[in-house]
1. Using the Karplus curve 6.51 cos²θ - 1.76 cosθ + 1.60 with θ = phi - 60°, what ³J(HN,Hα) values do you get for each residue of region 136-150, in whole Hz, with x for Gly and Pro?
2. Out of residues 5 or more away from His84 or on other chains, whose amide H comes under 5 Å of its own, with H placed 1.01 Å from N in the peptide plane?
3. In cubic angstrom, how much convex hull volume per residue do the alpha carbon atoms of region 16-260 span?
4. Which number gives the lysine pairs in region 16-260 that have C-alpha atoms under 23 Å apart and are eight or more places apart or on different chains?
5. In region 16-260, what percentage of the DSSP-assigned beta bridges are antiparallel, given to the nearest 5?
6. Can you sort Cys235, Cys255, Cys152, Cys193 so the residue with the fewest Cβ neighbours within 10 Å comes first?
7. Test of understanding: ordering Thr128, Thr240 by Cβ neighbours within 10 Å, fewest first, what list do you get?
8. I need the calculated FRET efficiency for the pair Val220 and Ala82, taking r as the beta carbon distance and R₀ as 25 Å, to the nearest 0.05.
Amino acid sequence: MSGDRSQASPHPIVPRSHALVEARFIPRQYEPNYPYPLLVLLHGRGGDEDQLVRAMPNLSWRNYVGLGLRGPEPITKRDRPAGHGWGAEFERPDRVKSRLSTPGAEGEILRRLLSDDAPETFDHLEATIFEAILQTRRLLHVHSERIFLVGCGEGAAVAYWLGLTFPERFAGIVAINGWLPVGLRPLGRLKACRELPVLVVHGAWNSKVPVEEAKRTVAVLRAGGLNAAFQAYPCSNRLTNPMLTDIDAWLMNHCTRQARI
């Protein structure tokens, strides 16, 4: 792996007034002279920028800087605020299939294909995430070669999309109880993606996203030559301490492996 994965944004810097809401985790006894790995934390549907930041102490008090980002889409249930999401492009596959089966869905798909709405949405999200990473690097000492995407549920779909689109900019992807977003060509940049390690952790009793879906994703990634590790746990769609322990070990293994190269 080479080159600075975060300095250059693929799009013009987004003004801070349009930036995603952020939360940061600073390691205990933060050492300014040490370049820390950065975990870009992408919450699940209905969560917010603090969802995964709150889990950081159980992952590690000392090893990482965390950057939690809030999805741009407010969610309401029964006319009340119910957290945030990342947009229809990243919803669970079963939700997308359900929408596609409704009357008029084909016409809406054609309208979007013929318009620039979807590309502009992706472009804006890319730019705001990369700008948040740059802002964090201005404030804290982050190792430019150790920036990992960590997503939960819908946030894992965002992590897959961003990491597999810009594999040279990240050190790895951690997908927790997540899925590949519908319409993503996961191996569109096959050669570059083969250097991007992926860890998939999933609840064996997850009724919203069955573990078989996660296994299919891993099979697709491995078929393309990616280093995709997988582990299932005796839980539903929760983030558990055994998951966090294994994620920490995987992250540190890749950080120390990079240090030896």
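1. Calculated HN-Hα couplings, in order: 5, 5, 6, 8, 9, 7, 10, 6, 5, 9, 10, 10, 10, 9, 10 Hz.
2. Residues meeting the amide H criterion: Gly46, Gly47, Ile75.
3. Values: hull volume 33.5 nm³, N = 245.
Cα convex hull per residue, to the nearest whole number: 137 Å³.
4. Details: Lys77/Lys97; Lys77/Lys208; Lys97/Lys208; Lys97/Lys215; Lys191/Lys215.
Final tally of qualifying lysine pairs is 5.
5. For region 16-260, the DSSP antiparallel bridge percentage is about 25.
6. Ranking Cys235, Cys255, Cys152, Cys193 by Cβ neighbours within 10 Å, fewest first, gives Cys235, Cys255, Cys193, Cys152.
7. Details: Thr128 22, Thr240 16.
Lowest to highest Cβ neighbour count: Thr240, Thr128.
8. The formula returns an efficiency of 0.20 here.
No value in this document is a laboratory result; all are computed from the given coordinates. Nothing here was measured: the structure is a model prediction, and the numbers come from that model. All Cβ positions, glycine included, derive from the backbone under ideal geometry; neighbour counts span all protein chains shown.
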